[in-house]
Each structure stands twice: as structure tokens, then as C-alpha cells.
Amino acid sequence: MTRIISGRAGSIPLEVPDAGTRPTSDRVRESLFGALESADALRGAAVLDLYAGSGALGLEAVSRGAASADLVEKAPRAAAVAERNAARVSKSVGSDAAITVHRSSVDSYLRASRGSFDLVFIDPPYDVSERELTDGLRLLAASLAPHATVVIERASRSPEPALPDGLGHARSKKYGDTTLWWVRPTAE
């Protein structure tokens, strides 16, 4: 069972789409969010969750103090699940955070985005190519706050993500078959 691990919505169960997604394990989420809290990257943050699936990453951030979460998911079934999960979490945190689910492809959303995000989660399906990931990062760069953190989740057998100008690798951490890559804007 997937659930919100901690914060104001802690222990709320989350639905998971029946196909086409790969939820981040509780162990990986717990470690990731411990590191984000240590870096004070959550409180008041504007969060973007790309390839959101159930929305677990963006919703966990809201539960732990983020000001807003935009969840982007193009698969209709997964977007419907994310909407139901967002409603549950929103009920727990009240009006302290704005949660919006966007039924859109990542590229379409990023091309139209006028937001400035402090924290971005990118957990694409395995079939998203490295080139598609890099193209998405290129579009994302214009929507990042100067101090933003981008966390990319990929299979450990995947190569290090190729980054466009303006983004640089900060660190990576391997958890079995999953690797998290931390990326930050760089001074041009």
C-alpha cells in the first residue's frame, strides 16, 4: 500500500494507478524527503511533480509544508487517481496549500508554464528515452527558481541524465534498482 509517510496528511492511503506507472517505494521516498527536510527545501515551496502517476511525491511535499503542488500526468486513468489522492490530501492540509492536477503531457505543460518552481520531481516511465528526458529538462530550466532543486528518479541501469545548459548535477544516490539524481540551476 502506498501512503503519505509524514506531515499533516501522514498515513493517508493513496490509490495507485492499475497500470503504466511505477510508484516510488516508501523507503526511497522516506530517504528523499528526509534529505529535502534537512536542506529546508520543503517549507513554503512551489512544487512541480512531472509524470506524477498517483501524485505521491508532490502530495508528500504538500503534507510536509510545501505551499503548492502542480501534478502533471497525461494518462487519463492515472490523472483521475492523482485527482482523488489530491482531494484526500487537500482535505487534511486545508487551505494551507494549493494542489492542482494537470491532464497534460510534460512537454505541453512546460511549454505553457509561467510558474517558478522551487522543487521539481521527475519520475518518468521506463519507456521515456534519455533524449525525451533531456528535452523536458531544457523546457523546465526556464521555470526554475534560482535556488531550485530537481530530483530525477530513474532505473539504476539508466545512464546519468544528460543536462542542458543552465543545469548541473549536485549529487546522486542509489537505492537498489533506483537512482535519484539531484540537479540544480547553474549560473550562466
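The values are calculated or read from the model by the stated rules, or taken from the named source; none is laboratory data. Small disclaimer: the values here were computed from a predicted structure and weren't measured. Cβ placement follows ideal geometry from the backbone for every residue including glycine, while neighbour counts extend to all protein chains displayed.
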Practice item. Output the number of the condition that Ala86 fails; it satisfies all remaining conditions of (1) hydrophobic (A, V, I, L, M, F, W, C); (2) more than 18 Å from Gly44 (Cα to Cα); (3) outside any strand (DSSP E or B); (4) without any contact (Cβ under 8 Å) to a residue 60 or more places away in the chain. Key: (2)
Review point. Looking at Gly115, Gly136, which is the one that is part of a helix (DSSP H, G or I) and small (Gly, Ala, Ser)?
Key: Gly136
Point to revise | Per-region count, segment 167-182, residues modelled with pLDDT under 95 and not polar (S, T, N, Q) | key: 3
Check your understanding: Can we say Ala187 is farther than 22 Å from Val28 by Cβ and part of a strand (DSSP E or B)?
Key -> no
Practice item. List the number of the failed condition for Tyr126; all other conditions in (1) surrounded by fewer than 15 Cβ atoms within 10 Å (Cβ to Cβ); (2) part of a strand (DSSP E or B); (3) at pLDDT below 95 hold. Key: (2)
